[in-house]
Amino acid sequence: MTGASMPSDVLESPTSEPFEWPSEGVTRAPYRLFSDADIYALEQKRIFRGPVWSFLCLEVEIPKPGDYRTTTVGETPVVVTRDREGQIHALVNRCAHKGALVCLKKKDNVASLTCVYHAWNYELDGRLKGVAFRNGIRGHGGMPADFKTEDHRLQPLKVESFCGMVFGTFADEIDSVEHYLGADMSTFLKRNLGRPLRILGTHSQIIHNNWKLYAENLRDSYHATLLHTFYTTFKVNRLDMDGGIILSDRKWHHISFARRAKMTEAEEYTTSNVHSANYDSALAGPGLLEAWDEFDDGITHSIQTVFPNLCVQFTLNSLAIRFFAPRGVDKTELFWIYLGYERDTPEQADMRVMQSNLTGAAGLVSLEDGCINEFVQRGTRTSPQHASFMEMGGRQVASEKQSRATETAVRGFWHGYREIMGF
């Protein structure tokens, strides 16, 4: 809704000023969104605890009965478990007694889940199994006679797996993950992840900006070859390659794709004094850019996002999942999982590992992303009354299969954001 007022549950806060989205709609994003604590708190409620599917982990991370993996949905701590029957569960990582974290490790294999504070013990599906000194000592103390273990459990999330990825949601009523993604998004995920996976490595980093700035960045094909010197210099991903943008039916998710073999060099890189095109470099290890044709569609680079905070990337033969979690209004934690396939030969696995150096906290390509969003955070925080301008490629929110010189996917993110937030 253009110019819609902020919902009443934000306006009730004495610190909030009245909020209106600019009349230009999704071609503008108010800077206030990146620094307002009340809006941030509402996002936790309406997005992360609302009707969305959040990526939790990969099935391959919890392969055996008793395995668990801790993660978060927004700022809510979550533990994903595999029970003795092989079923996967997602539970809020919060003891039903005093609210302490129950699982403290990133991952482990256990017979049950026990809170270290008072030793309340839970089944792998979250049901309360036992309470220390429930009956007191020698007839004194203990829980009341009407205490029932079945009334106290770890809060469950609805959980569903798709292409080896485990998703969770707090919503009681929501369509399947595949329906949430839509046909185009589901098909492309099956292309990249629809076979047994093998984890090659993981790492994480803290970036000092609001989570939505990174969500924008992933959808911003316009910046990719203007900012990233390595992409342009070594012709890995450029706007003058054959490629395009596909938006999901609801506009929330997107795919950006390019074909390295089909490139007609554009003079714009030179005439516009593009930063990334000002280098004449060579690689001491040119094998980094060698690749084999993995798919028959010719796509050699793709970025696929799933609202709100998931990305699947494929560059040359490097396959990875990125997901990110808000850690405060101006801090985000970014996680990387580098993948191969079980069917890979040792040589193919080695190539994927070598190409993983393109991305990550110190990646040859994505090094710049670790700071550029902080520049936006610093530049906007004192000007909440202003807004960003996003009209590259027009003002529409639609797929663009002929060019990636567009901000249509960024506008798609804000379309979904406004829809779920009620702005």
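The values are calculated or read from the model by the stated rules, or taken from the named source; none is laboratory data. All values reported here derive from a predicted model rather than from experimental measurement. Cβ atoms come from the backbone with ideal geometry, glycine included; neighbour counts cover every protein chain shown. Just so you know, the surface numbers come from the protein's heavy atoms only, side chains and all, with ligands and any DNA or RNA stripped out. Shrake-Rupley method; radii C 1.70, N 1.55, O 1.52, S 1.80 Å.
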Subject >> By average C-beta atoms within 10 angstrom, highest first, the peptides 183-191, 377-385, 209-217 >> reply: 209-217, 183-191, 377-385
Subject >> Dipole of the chain, positive end: most advanced residue of F170, S383, H223 [Cβ charges, Cα centre] >> reply: F170
Subject >> Relative contact order of the chain, pairs being alpha-carbon contacts under 8 Å that are 6 or more residues apart, as % >> reply: 20
**OP:** Of the options T408, L367, C311, report the single residue whose Cα projects farthest towards the positive end of the charge dipole of the range 289-423 (beta-carbon charges: Lys, Arg +1; Asp, Glu -1).
**Re:** T408
**OP:** Give the cysteines in the chain for which no other Cys Cβ lies under 4.7 Å away, or write none if there are none.
**Re:** C57, C103, C163, C311, C371
**OP:** Identify the residues of the range 60-98 with backbone N under 20 Å of a label point that sits 7 angstrom from the Cα of A349 along the Cα-to-Cβ direction, or state none.
**Re:** 60-64
Original post:
When you count, for each residue, the other Cβ atoms within 10 Å and take the mean per peptide, how do 321-327, 36-42, 344-350 rank with the highest first?
Top reply: 321-327, 36-42, 344-350
**OP:** For the range 344-423, with all protein chains present and a 1.4 Å probe, just round the carbon and sulfur fraction of the accessible area to a whole percent.
**Re:** 55
Subject >> Only Lys, Arg (+1) and Asp, Glu (-1) charged, at Cβ; the chain dipole about Cα centre in debye >> reply: 1220
Original post:
For K64, which aspartates and glutamates qualify as cross-link partners when the Cα separation must be under 12 Å and same-chain residues fewer than eight apart are set aside?
Top reply: D83, E85, D108
Original post:
So between T382 and R259, what do we pick up on full extension, going 0.36 nm a residue minus the alpha carbon distance?
Top reply: 40.2 nm
Subject >> Virtual paramagnetic centre 7 Å along Cα→Cβ of D83, amide N under 19 Å, in the range 136-159 >> reply: 149-159
Original post:
For the Cα atoms of the chain, what angle does the longest principal axis make with the long axis of helix 369-380, in degrees from 0 to 90, nearest 10?
Top reply: 90
Subject >> Accessible solvent surface per residue of the range 25-149, calculated while the other protein chains remain in place, 1.4 angstrom probe, Å² >> reply: 46
Subject >> Accessible surface of the range 78-140, 1.4 Å probe, proportion on carbon and sulfur as whole % >> reply: 50
Subject >> Stokes-Einstein D (µm²/s) once Rh is taken as the Kirkwood radius of the range 101-169 over alpha-carbon pairs, at 25 °C in 0.890 mPa s >> reply: 173
